[in-house]
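Engineer: I'd like to ask some things about the structure below.
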Amino acid sequence: MPIRTATEHDLDAIDSLERACFPPAEAASRTSISSRLAVFPDHFWLLEARRSVDTGGHDEHGERADAGDRIDGAGRTDANLLVSFVNGMVTDQPHLLDDMYDHADMHDPHGAWQMIFGVDTHPDYRRRGYAGRVLRHAIDTARAEHRRGVVLTCKDRLVHFYASFGFRDEGMSASTHGGVPWHEMRLTF
């Protein structure tokens, strides 16, 4: 499964996965995701899986499928499912600030630090290494772009997970995003 960057056409899938992964107080709004996609689509990394979908013998327009359609005789078609994604802006600011989540205009494509706003994985695809794969890709991209490093915030239970990628826990973040405590984690190149 290749990893690719996003386009505005990915909004529905990204928004849906964001809602499946985070409680309402923590999930990015559709408006915020749309703004991010407009400003830094190349800082959304997406991993998709092909899956077979039962169409009930109908095509994507709800019309009865003919034998010549891309749907097989059993009424199934292949579709991409967004399995995991990572997103975040680039900035010279060394700390992830709450304002960054909703202000895509704070993105500086020449900034020193790659911020990570979220590492989202579809609930049915967790514990298969997909989140780690996309996160490693984001880290490798930041390194190739000559950033100073990568910064993210996480809950207590995920500190060890991010430490396994080389992130260091810098203690509790000033962030109050979603009304929960966050650790600020930094990977310096």
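Any read-out appearing in this document is the output of simple, stated calculations on the displayed coordinates, not a laboratory observation. Everything numeric in this text was worked out from a predicted model, so none of it was measured. Cβ atoms come from the backbone with ideal geometry, glycine included; neighbour counts cover every protein chain shown.
Engineer: In the chain, if the dipole is taken from +1 on Lys/Arg beta carbons and -1 on Asp/Glu beta carbons about the Cα centre, which of 107, 2, 187 is farthest to the positive end?
Structural biologist: Going by the Cα projections, it comes out as 187.
Engineer: Next question, about the same structure. Between residue 105 and residue 22, what is the spin-label point distance in nm, taking each point 7 Å from the Cα along the Cα→C-beta axis?
Structural biologist: 2.1
Engineer: Take segment 119-189, compute every pairwise Cα distance, and split them into 10 Å bins from 0; I just need the percent in each bin.
Structural biologist: P(r) over segment 119-189, rounded to whole percents: 19, 47, 32, 2.
Engineer: Please provide three numbers in whole Å: the alpha-carbon extents of the chain along the principal axes, with the largest listed first.
Structural biologist: 59, 34, 32
Engineer: Quick check: residue separation of residue 9 and residue 165 times 0.36 nm, minus the Cα distance between them. What number comes out in nm?
Structural biologist: Values: separation 156, 0.36 × 156 = 56.16 nm, distance 3.06 nm.
Length gained between residue 9 and residue 165: 53.1 nm.
Engineer: A further question follows. What is the packing order of peptides 139-148, 37-46, taking the mean over residues of other C-beta atoms within 10 Å and listing the highest first? Please report the intermediate quantities before stating the final value.
Structural biologist: On the way: 139-148: 15.6, 37-46: 19.0.
Order by mean packing, descending: 37-46, 139-148.
Engineer: Here is a further query. Apply the membrane-span-like helix rule to the chain: whole DSSP H runs, Cα extent along the own long axis of at least 20 Å, mean Kyte-Doolittle hydropathy at least 0.5. List the helices found. Each step should come with its number before you reach the end.
Structural biologist: Values: long enough: 130-144 (21 Å, -0.19).
For the chain, where a helix must reach 20 Å along its axis and average at least 0.5, there are no hits.
Engineer: Under 5 Å between amide hydrogens, which residues at least 5 positions from residue 122 or on another chain qualify, with H placed 1.01 Å from N in the peptide plane?
Structural biologist: Answer set, sorted by chain and number: 84.
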